[in-house]
Amino acid sequence: MATDVTSPAVPVHVAIVMDGNGRWAKQRFLPRLAGHRQGLETLRAVVRWSMARGVRVLTVFAFSSENWKRPVDEVSGLMGLMAKALSREVPELSRSGVRLHFPGDRAALPAAVAQGLAQAERDTAGNDRLVLNVCFNYGGRWDVVQAAARLAQRGEAVTEAGLSAELALAHVPDPDLLIRTGGELRISNFLLWQLAYSELFFSDRLWPAFDEAEFDRALAAYAGRQRRFGLTPEQIQAPSAPAH
Ligand code: FPP
């Protein structure tokens, strides 16, 4: 029997690895942090474009578990940028109907940043136009391990459904589309479990230079893909004509 796995032309959930801030800054003889600041501007714009096109969930990789190994001034600069972004952006995001989540390990973050993330989650909890997951001190392996540890602590059997329910993105469906900017072709310990069946789009644009036309190219590429979820092309049922 044919199985209907057709998916809407617009992805419900878009995930993004925002790569290339450092190179963008270097090309302009600017400090790396200037690239991250400009990257934040791109993120503000992508939130708007996503809402305008009917995307319901946007998940971005803002600080990875491995980013602590960067120079101390870059790490503290990113922490400062997050603190500033929280105070400047949250009121407007909230007015636009954005619900914020910050998946990641809070334990290692400066206390003021960790409290700011929790507060922003509480302040936007009633919104439902777009879920914006800003992954901060996040790693795909950390996520799977923390989920498994919670099951083990409760003495529960490890099942796909049980583990999924403990992951940091349990509140949203898996990403339909992953975009990575900056020209690198890798996942870099992002959503290892959740990307199992996501469509991938790699852009050569550096993140601060990622624009609306390139975002639309990614969405158009997605709309042209046939998602098979392990089935054969013959098992995929084309949308049937309406009955007369
Ligand atoms: C990767 O570019 C980008 C990051 C590690 C940080 C992404 C952060 C933002 C876009 C700003 C929003 C962040 C906050 C804190 C709200 P890279 O530095 O690896 O660039 P490169 O590959 O060119 O060196």
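None of the figures in this text is laboratory data; all of them are computed from the coordinates on show. All values derive from a computational prediction rather than experimental measurement. Cβ: placed from backbone, ideal geometry, glycine included. Neighbour counts: every protein chain shown.
Sort out which residues of region 54-73 are more than 8 Å from the ligand (Cβ to nearest atom) and either over 21 Å from ILE16 (Cβ atoms) or not hydroxyl-bearing (Ser, Thr, Tyr) (or both), and write them in order of number. So that I can check it myself, show each step before the final result.
To start, the set of residues in region 54-73 that are more than 8 Å from the ligand (Cβ to nearest atom) comprises 54-59, 65-66, 68-69, 71-73.
Scanning region 54-73 gives GLY54, VAL55, ARG56, VAL57, LEU58, GLU66, TRP68, LYS69, PRO71, VAL72, ASP73.
Say whether the condition of being more than 10 Å from the ligand (Cβ to nearest atom), in contact with a Cys (Cβ under 7 Å, 6 or more places away or on another chain) and not polar (S, T, N, Q) is met by at least one residue in region 90-111. Full working, then the answer.
Our first condition is that a residue be more than 10 Å from the ligand (Cβ to nearest atom); within region 90-111, this holds for 90-101, 103-111.
Checking which are in contact with a Cys (Cβ under 7 Å, 6 or more places away or on another chain) leaves us with 103-104.
Subset that is not polar (S, T, N, Q): 103-104.
Within region 90-111, one or more residues are more than 10 Å from the ligand (Cβ to nearest atom), in contact with a Cys (Cβ under 7 Å, 6 or more places away or on another chain) and not polar (S, T, N, Q).
Which condition breaks for PHE29 when tested against (1) more than 7 Å from the ligand (Cβ to nearest atom); (2) in contact (Cβ under 8 Å) with a residue 12 or more places away in the chain; (3) outside any helix (DSSP H, G or I)?
Just one mismatch for PHE29, condition (2).
Within region 142-150, does at least one residue satisfy the condition of being closer than 17 Å to PHE61 by Cα, of a type outside the set (S, T, N, Q), out of contact with any strand residue (DSSP E or B) (no Cβ under 9 Å at 6 or more places or on another chain) and surrounded by fewer than 21 Cβ atoms within 10 Å (Cβ to Cβ)?
yes
Which residues, counting only those in region 216-225, are surrounded by 11 or more Cβ atoms within 10 Å (Cβ to Cβ) and of a type outside the set (Lys, Arg)? Spell out how you get there, then give the answer.
Step one: filter region 216-225 for residues surrounded by 11 or more Cβ atoms within 10 Å (Cβ to Cβ), giving 216-223, 225.
Across region 216-225, the qualifying residues are ASP216, ALA218, LEU219, ALA220, ALA221, TYR222, ALA223.
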